[in-house]
Number of protein chains: 2
Amino acid sequence: MTTSEEHRAKKARIKAVKDRLYASKTREKGLILVHTGPGKGKTTAALGLVLRALGHGLRVGVVQFVKGRRETGERRFLERFSELVELKVMGEGFTWETQDLERDRRAARAAFAEARRMLTDPTLHLVVLDELNIVLRYDYLPVAEVVEALRSKRPELHVVITGRNAPEALIELADLVTEMKLVKHPFREGVRAQRGIEY
Amino acid sequence: MTTSEEHRAKKARIKAVKDRLYASKTREKGLILVHTGPGKGKTTAALGLVLRALGHGLRVGVVQFVKGRRETGERRFLERFSELVELKVMGEGFTWETQDLERDRRAARAAFAEARRMLTDPTLHLVVLDELNIVLRYDYLPVAEVVEALRSKRPELHVVITGRNAPEALIELADLVTEMKLVKHPFREGVRAQRGIEY
């Protein structure tokens, strides 16, 4: 165990490094964040950013590109904050059950039109493009068009894009990319998806 | 066997497999989740779980083991939901600025006492032990004691533990471990921490 003095010295060294680090970082800029990888937490971490923004009283936009369960905790929550949250769910959109390519493409395009509008909306602090990577992966939208829309976003706006298999062009464009890696998963041990955790 | 009979037999076999599969996935169990790794999103994803729980009208407890900035979005947000959120921040606790080992240990212990109480509180759906891994890493609390408290938690309760360098004993105990891996980080390019994103 460290003695008290060693401990103090170690902390002082860490603090000095942190101070130097923070002093050099003064640019305020809207970030493009990508949450990808096979692990849990991609959408969930985007929701955490929504919670932070709401805590500061800032407005957010959320486009859900994959229509999932109807009664998710996040949807109920976001609907409750309708004065600060603009929520668009791909109504007729992509689900794992549909088999109609043309319908899926139309739905993806309609959701993207909402996203594009939000990217220039001066009242928004943060836009979440939830599961956008999935529709890109299925070629429902051209990646180049999405990249172009992100490049022309309002400079101060933060954008979070979630979903597995983020395309290379988005990773290239992003300021911050986090890959969620699965270490252990309870489904492997026969536990089903739990309310208030997975949805 | 006629085609129609073959078809029926095949469907029956598939149904039997499905039934077995689903029968084995019915356990409702409180999960122990660990968010670790050097990437962003560990605390943020825990906040996303809080948002989901609140969307379902479920109560949550949050213990922040590392006292950070005072005016974080999450703290303001959680304080606003005081009827559903029990929030404990290590008041005199560990920060990167303090240099007093004994004081840090006392603060960690006090926060842990709150956590221990929450782990058996029947009104809570989810408990977040934010940055617990950090205080364990600094030996402010014995890992064995934390593991013991988690083992004796209320069985239905979900617990999320965040922080880099999760100790092996916690990874062993957890149902789900997600490692957040940094792919790109804007700090490297001189952008400072942003309100509504990093705090």
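Given B:Leu51, B:Leu129, B:Pro142, which one lies farthest toward the positive end of the charge dipole of the range B:33-146, if we put +1 on the Cβ of every Lys and Arg and -1 on the Cβ of every Asp and Glu?
The listed residue farthest towards the positive side: B:Leu51.
What is the fewest-to-most order of B:Asp104, B:Asp130 by other Cβ atoms lying within 10 Å of their Cβ?
B:Asp104, B:Asp130
For B:53-59, what's the mean count of beta carbons from other chains sitting within 10 Å of each residue's beta carbon?
Mean inter-chain Cβ contacts per residue within 10 Å come to 6.
About the Cα centre of the range B:27-189, how large is the charge dipole given +1 on each Lys and Arg Cβ and -1 on each Asp and Glu Cβ? Please answer in debye to the nearest 20.
340 debye
Taking 8 Å as the Cα distance limit and 6 or more residues as the minimum spacing, I'd like the relative contact order of the range A:28-189 as a percentage.
Rounded, it is 40 percent for the range A:28-189.
Could you give the nm distance between label points at B:Leu182 and B:Arg117, where each point is 7 Å from its Cα heading toward the beta carbon?
Output for this residue pair reads 3.7 nm.
Given a Förster distance of 25 Å, report the FRET efficiency between A:Arg69 and A:Arg103 from their Cβ-Cβ distance, rounded to the nearest 0.05.
The value I calculate is 0.80.
By average Cβ neighbour count within 10 Å, what is the ranking of B:111-122, B:56-67, B:41-52 from highest down?
Top of the packing list down: B:41-52, B:56-67, B:111-122.
Using only the alpha carbons of the range A:28-189, determine the length spanned along each of the three principal axes and report them from longest to shortest in whole angstroms.
Cα extents, longest axis first: 40, 36, 31 Å.
Would you mind checking B:Lys153/B:Lys184; A:Lys10/B:Lys42; A:Lys10/A:Lys42; B:Lys88/B:Lys184; A:Lys29/A:Lys184 for any pair whose Cα atoms are more than 30 angstrom apart? Write down the numbers at each step before the final one.
Numbers: B:Lys153/B:Lys184 37 Å; A:Lys10/B:Lys42 24 Å; A:Lys10/A:Lys42 34 Å; B:Lys88/B:Lys184 32 Å; A:Lys29/A:Lys184 35 Å.
Long pairs (Cα-Cα over 30 Å): B:Lys153/B:Lys184; A:Lys10/A:Lys42; B:Lys88/B:Lys184; A:Lys29/A:Lys184.
In what order do B:Leu87, B:Leu33 fall by count of nearby beta-carbon atoms within 10 Å, going from fewest to most?
Least to most surrounded, the residues fall as B:Leu87, B:Leu33.
Can you give the average number of partner chain beta-carbon atoms within 10 Å of each beta-carbon in peptide B:169-176, as a whole number?
3
How far apart, in nanometres, would the label points at A:Val147 and B:Ala9 be if each is projected 7 angstrom from Cα along the Cα-to-Cβ direction?
5.5 nm
Determine, for A:Tyr140, A:Tyr199, the number of other Cβ atoms within 10 Å of each Cβ, and report the residues in order from fewest to most.
A:Tyr199, A:Tyr140
Read-outs: derived from the displayed coordinates by stated rules, not from any lab. Model, not experiment: these values are computed from the prediction. Counting neighbours? That spans all protein chains shown, and the Cβs are built from the backbone with ideal geometry, glycine included.
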